[in-house]
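Okay, so here's the structure we're looking at.
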Amino acid sequence: MKKLIVVLTAVLLCAGFTWATGSSDGAAGDVIELGVLAPLTGTNAEYGKGFQVGGQMAVDEINAKGGVHGRKLTLVIKDSKGDQKESSDLARQLADDDKILAIIGDFTSGCCMANAPIVDEAGIVQLSPTASNPTYAGMSDWCFSIMGRQDGEAPFFARYILKKYMGVKKVGVIYINSDWGMSAFDNFKKEAKLVGLDIVADVSYVQDEKDFSSLITRLRSARPEVVLIMDQGAVPQVINQIRASGWNIPLTTLGPGTSEQLINLTKENSEGLLLSTPFFFDPADPRLTAWKNEFTKKSGFQPTVHPACAYDCIYLLADAIARCPPDKITRKAIRDNLASGNFTGITGPLKFNPAGDITRVYMICAVEKGQYVVKAGFDYSKK
């Protein structure tokens, strides 16, 4: 753990990040409380636990160096269950607690968008590691996200993965009927039309759906060359049910990232799966390898981009707090410093645009022999 802290500290110092470790106001032992909204139970529990573990790793590292202004960080974690009403109720609880200086979360765009009026009225930051609906961050000056937007990733998927890399013309799409899913599909559909992809069938399902057989039948009857699955938690079930139906069509997915749980639940059914990701744990990078190993040890599963983003969110907020005068750490000051910051985390450069989100670049990953690999030479986003 000490080695990991040293390596990460060196990187953060190079990015211009410094800690004020002296006591701020004579209140030695005071803590700085940050709220966390995450789906610790339900379909997306893997991602919620990733938030919890990744965020706590950052807190432990910061506190080991004396905290911020001599005060330790602590996380107040609430289980949103991936439900918009539950998330909003919890967001209200956190916002009404004056000790909570900012909120990290939630996981889904739908939850974050439902919470936007609440955090706007209360004047508290909601910094999501993962919300990617293009509408979300612009809903309030208090809303931020670092995942990147679906009007960036979904067009990348259409133009580069399906059209350029795979060279297909006919695609069938199955997506979750949520704010995130509809946004992802709409942005994909626009780009597909521009590049000459024919969406021969599109079907959707609601949260917590278990039986996809009728939807698979509809897709299969349209005779696509490839199927694109747009979701996170239900992707393994969709893959397994497609293969159980005897349909050996090429599969792609937008949403889950490089999820170890996906491979564990699908086994050989996900072999050859293609996906997009803005971040990959490069095994040649000792810093990322150390972080990945530490996360895996603490969580029991390998990380995707999602917990790495949660980790970065804690450092972003710590940086914003560190740049406040020690006796003037307010929600408003944190928001202003967050918006104006220029920070480099483990997932890359993190500088917010005026809307409150960032622009990511994407790469193509594939499942090969039960492992995720980057398709070298096809990092179209950098061209």
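Quick look at the values:
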{"read-out": "Descending Cα extents along the principal axes, the range 225-383, whole Å", "value": "65, 34, 30"}
{"read-out": "Cα pair distances exceeding 34 angstrom across the chain, given as percent", "value": "26 percent"}
{"read-out": "Sites Asp336 and Val200, calculated FRET efficiency, Cβ-Cβ separation with R0 35 Å, nearest 0.05", "value": "0.10"}
{"read-out": "About the Cα centre, charge dipole magnitude for the chain (Lys/Arg +1, Asp/Glu -1 at Cβ), debye", "value": "1160 debye"}
{"read-out": "Efficiency of FRET between Asp96 and Tyr165 - r from beta-carbon atoms, R0 51 angstrom, step 0.05", "value": "0.55"}
{"read-out": "Principal-axis tilt of helix 235-244 within the chain, Cα atoms, nearest 10 degrees", "value": "20 degrees"}
{"read-out": "Relative compactness, the range 18-174, computed as alpha-carbon Rg over 2.2 N^0.38 Å", "value": "1.23"}
{"read-out": "Crossing angle, helix 2-14 versus the chain [Cα axis fit, 0-90 degrees, rounded to tens]", "value": "90 degrees"}
{"read-out": "Relative packing of peptides 347-358, 54-65, 151-162, 93-104 - highest average C-beta neighbours within 10 Å first", "value": "151-162, 54-65, 93-104, 347-358"}
{"read-out": "Options Thr359, Thr43, Ser204, ranked by Cα towards positive dipole end of the chain, top entry (Cβ charges)", "value": "Thr359"}
{"read-out": "Among 183-190, 302-309, 35-42, 331-338, the order from most to least packed when residues are scored by Cβ within 10 Å on average", "value": "302-309, 35-42, 183-190, 331-338"}
{"read-out": "Shape parameters for the range 168-298, alpha-carbon atoms, Rg then Dmax in Å", "value": "15.9, 48"}
{"read-out": "Alpha-carbon Rg with Dmax, taken over the range 189-250, Å", "value": "12.1, 34"}
{"read-out": "Those lysines that a straight Cα-Cα span of less than 19 Å connects to Lys49, excepting residues fewer than 8 apart in one chain", "value": "Lys78, Lys81, Lys292, Lys297, Lys298"}
{"read-out": "Dipole magnitude (debye, nearest 20) for the range 99-166, charges at Cβ of Lys, Arg, Asp, Glu", "value": "420 debye"}
{"read-out": "Signed unit charges on C-beta, dipole axis of the range 276-334, positive-most listed residue Thr330, Val305, Tyr315", "value": "Thr330"}
{"read-out": "Local net charge near Leu288, Cβ-Cβ under 13 Å (Lys/Arg +1, Asp/Glu -1)", "value": "-2"}
{"read-out": "Separation of alpha-carbon centers, the range 305-353 and the range 170-212, rounded to whole Å", "value": "34 Å"}
{"read-out": "Magnitude of the charge dipole, the range 96-223, Cβ model with Lys/Arg +1 and Asp/Glu -1, debye to 20", "value": "1320 debye"}
{"read-out": "Rel. contact order, % - alpha carbon contacts under 8 angstrom, at least six apart, the chain", "value": "18 percent"}
{"read-out": "Cα-based equivalent ellipsoid of the range 299-383: semi-axis lengths in Å, sorted from largest, via gyration tensor", "value": "33, 16, 8"}
{"read-out": "Nearest-ten-degree value, helix 331-340 long axis tilted from longest Cα axis of the chain", "value": "60 degrees"}
{"read-out": "222 nm mean residue ellipticity, helices alone, for the chain (DSSP H n ≥ 4; -39,500 (n - 2.57); rounded to 500)", "value": "-12500 deg cm²/dmol"}
{"read-out": "Whole-angstrom Cα spans of the range 103-205 along principal axes, big to small", "value": "48, 25, 17"}
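Read the figures in this text as sums done on the coordinates, not as results from a lab. Just so you know, these numbers come straight off a predicted model, no measurement behind them. Glycine gets a Cβ as well: all are built from the backbone with ideal geometry, and neighbour counts include every protein chain shown.
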